[in-house]
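Quick notes on the structure that follows.
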Protein chains: 2
Amino acid sequence: MTEHILRAFDEEIVELRGLISEMGGRAESAIDRAIDALSRRDSGLAASVVADDKRIDELEVAIERLAVQMMTLRAPMADDLRETVAALKIAGVIERIGDYAKNIAKRVPQISGSSKIEALSVLPAMAQLAGDMLHDVLDAFAARDWEAAMEVADRDRAVDDFYNSIFRTLLTFMMENPATIGEATHLLFIAKNLERIGDHATNVAEMVYFAARGEYMPERERGHDAL
Amino acid sequence: MTEHILRAFDEEIVELRGLISEMGGRAESAIDRAIDALSRRDSGLAASVVADDKRIDELEVAIERLAVQMMTLRAPMADDLRETVAALKIAGVIERIGDYAKNIAKRVPQISGSSKIEALSVLPAMAQLAGDMLHDVLDAFAARDWEAAMEVADRDRAVDDFYNSIFRTLLTFMMENPATIGEATHLLFIAKNLERIGDHATNVAEMVYFAARGEYMPERERGHDAL
C-alpha cells in the first residue's frame, strides 16, 4: 500500500469522525430542545426541532456515502475496517435518535399549558440522563475508548428505572383522573421515546467496544427490563 | 476483473439474498406468532417468540459480515454496490422489526385471559397488514422490483389509519373503564409497535427503490401522520 493511499484513508477517517460528531451534536441538541419545548409548551420551538431533523438525515446519507467509499476504494483492514463499519452503523442509530426527538417535539402541541401531570417535571431529568449517554458514547467513539463505552452502557439501567417509575406514576394518575388520559398517553410515549434513546446509546456503546476490541461487549447484568 | 472474481461476487449476492430472505421470513413469523400468542393469551408461545429473536440477531451479524467482505474484497460498482449496501441496511431494519415482535410477545402475560378490550380483536388485522408489507417488500428486494416496492410504501397509510383508529378507541375505552388502564396501555404500545413495523417496511421499500434505480423514491403523499 502506498504512502499516498494511507494518507488519504487517515484523512477520510478524520472527516468521518467529524461528521459523526456533528450528527451526534445535532441529535443531542434535538433532545434538549424537544424537552425544553415540552416544559415551556413552546410549539414554535417544537416545530423547529421537527424541521431541523432533515439535516440529521442528510448527515446520515453523507456518512454512509463516505464509509462505503472508504470500504470499496481503500479496502481497510482490521481496526480501520471495524471503525468504518461502526461509523456507518452509528450514523443509522443517531438518525433514529433524531427521529425520537422529533416524535417528542410533535407531541408538544397535544399537551395543554395548564397540565398538572407530575411526570412533566420528571421527564427533563430523564432526558438529561439519556442525552448525556449519547454525548459520552460519541466521545468514547472519537477516542476509541472501550472502557468509557462500557461505562455508558451501564447507565442504561438508570434510564430504564426512570421509565418504569414514570410508567407506574402515569398509570395511577390516569386512573385517578380519567379526563387527562389523552395528555398522559402522550407523556407515556415521550417517556418511552427517551427510554429507547437510552437503548440506542447502549447499542452505540456496543459498537464502539467491538470496533476497538474486535470482540463483542460481554452481556451485562440487565436491570429491570423496560417493557 | 477476472472471470473468477466475477463469479465469486455473483455467488455471494445469491448467498446474501438467501440470508435476507431467511431473516425476513423469521421476522414475519415472529409477528404472526406474537399476535397469535396475544389473541390466545398463550404465554408459552410468547416466550418462544422472545427466545427465537436471538436467531434473527445472528442473521444480522452474518449478513453484515458478508456484505462488508463483498465491499472490501470485491469493490463492486454501481448496481451491485447499491444492492450490497441495501442488504446491509435492510438487515438492520429487519433486526428492529424482530425486536418489535419480541416486545409485543413480552407484553402478552400482562393481558388477562378475560380481557374484553375490543382493540384485541382489531390488532390481528393490523398485524396482518404490517406483516404483509414486510413480506412483499422483501420479495421486491429479491426481484429488484422498484414498482412493487413503491406499491408497498403506499400501503403504510392503511397501517397508520388503523393505528389512529385503535389509539382513539383505546383512549375512549380507558376513560370509560379506568380499571383497565394498565392492560389498555399495553395494547396501545402493541398497536404502536405494529405501526412502527409498517414504517420500517416503508424504509425498506425506499432502500429497494434506491438500490434498483440509483435515485431516491419521490416523497409520497403521506396520510395522517401517526404520532
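Taking (1) open to solvent by 50 Å² or more (accessible area, probe 1.4 Å); (2) farther than 20 Å from residue A:216 by Cβ; (3) among the acidic types (Asp, Glu) in turn, residue A:154 satisfies each apart from (2).
What residue, of A:170, A:123, is away from chain B (no Cβ under 14 Å), assigned to a helix (DSSP H, G or I) and buried (at least 16 other Cβ atoms within 10 Å of the Cβ)?
A:123
In region A:93-101, the count of residues that are within 11 Å of another protein chain (Cβ to nearest Cβ), assigned to a helix (DSSP H, G or I), at pLDDT 95 or above and open to solvent by 40 Å² or more (accessible area, probe 1.4 Å) is one or more.
From the list B:199, B:160, pick out the single residue that is within 14 Å of another protein chain (Cβ to nearest Cβ) and in contact with a Gly (Cβ under 6 Å, 6 or more places away or on another chain).
Details: B:199 fails: in contact with a Gly (Cβ under 6 Å, 6 or more places away or on another chain).
Matching residue, one of B:199, B:160: B:160.
For region B:175-195, the condition holds for at least one residue, the condition being that it is out of contact with any Leu (no Cβ under 8 Å at 6 or more places or on another chain), of a type in the set (Asp, Glu), open to solvent by less than 10 Å² (accessible area, probe 1.4 Å) and farther than 30 Å from residue B:69 by Cα. For residue B:130, the criteria (1) open to solvent by less than 30 Å² (accessible area, probe 1.4 Å); (2) outside any helix (DSSP H, G or I); (3) more than 14 Å from chain A (Cβ to nearest Cβ) hold in every case but one, which is (2).
Might you let me know whether region B:108-120 holds any residue that is assigned to a helix (DSSP H, G or I), more than 14 Å from chain A (Cβ to nearest Cβ) and surrounded by fewer than 19 Cβ atoms within 10 Å (Cβ to Cβ)?
To start, the set of residues in region B:108-120 that are assigned to a helix (DSSP H, G or I) comprises B:108-110, B:119-120.
So of that shortlist, the ones also more than 14 Å from chain A (Cβ to nearest Cβ) come out as B:120.
Still in the list and also surrounded by fewer than 19 Cβ atoms within 10 Å (Cβ to Cβ): B:120.
Looking for residues that are assigned to a helix (DSSP H, G or I), more than 14 Å from chain A (Cβ to nearest Cβ) and surrounded by fewer than 19 Cβ atoms within 10 Å (Cβ to Cβ), one finds at least one in region B:108-120, hence yes.
This table checks each residue for (1) touching a Phe, Trp or Tyr at 6+ places or on another chain (Cβ under 8 Å); (2) within 25 Å of residue A:196 (Cα to Cα).
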| position | (1), (2) |
| --- | --- |
| B:68 | no, no |
| B:86 | yes, yes |
| B:93 | no, yes |
| B:97 | no, yes |
| B:103 | yes, yes |
| B:122 | yes, no |
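Restricting A:82, A:55 to residues that are closer than 27 Å to residue B:88 by Cβ, out of contact with any strand residue (DSSP E or B) (no Cβ under 8 Å at 6 or more places or on another chain), open to solvent by 10 Å² or more (accessible area, probe 1.4 Å) and at pLDDT 95 or above narrows the list to A:55. Annotation: of all residues in region B:55-87 being facing another protein chain (nearest Cβ under 8 Å) and under 23 Å from the mean Cα position of the chain (by Cα), the one that is farthest from residue A:73 (Cα to Cα) is B:64.
The values are calculated or read from the model by the stated rules, or taken from the named source; none is laboratory data. Values in this document were obtained by computation on a predicted structure and should not be read as measured data. Positions of Cβ are generated from backbone atoms using ideal geometry, with glycine treated the same way; all protein chains shown enter the neighbour counts. The accessibility values were calculated without ligands, DNA or RNA, using every heavy atom of the protein model including side chains. Shrake-Rupley method; radii C 1.70, N 1.55, O 1.52, S 1.80 Å.
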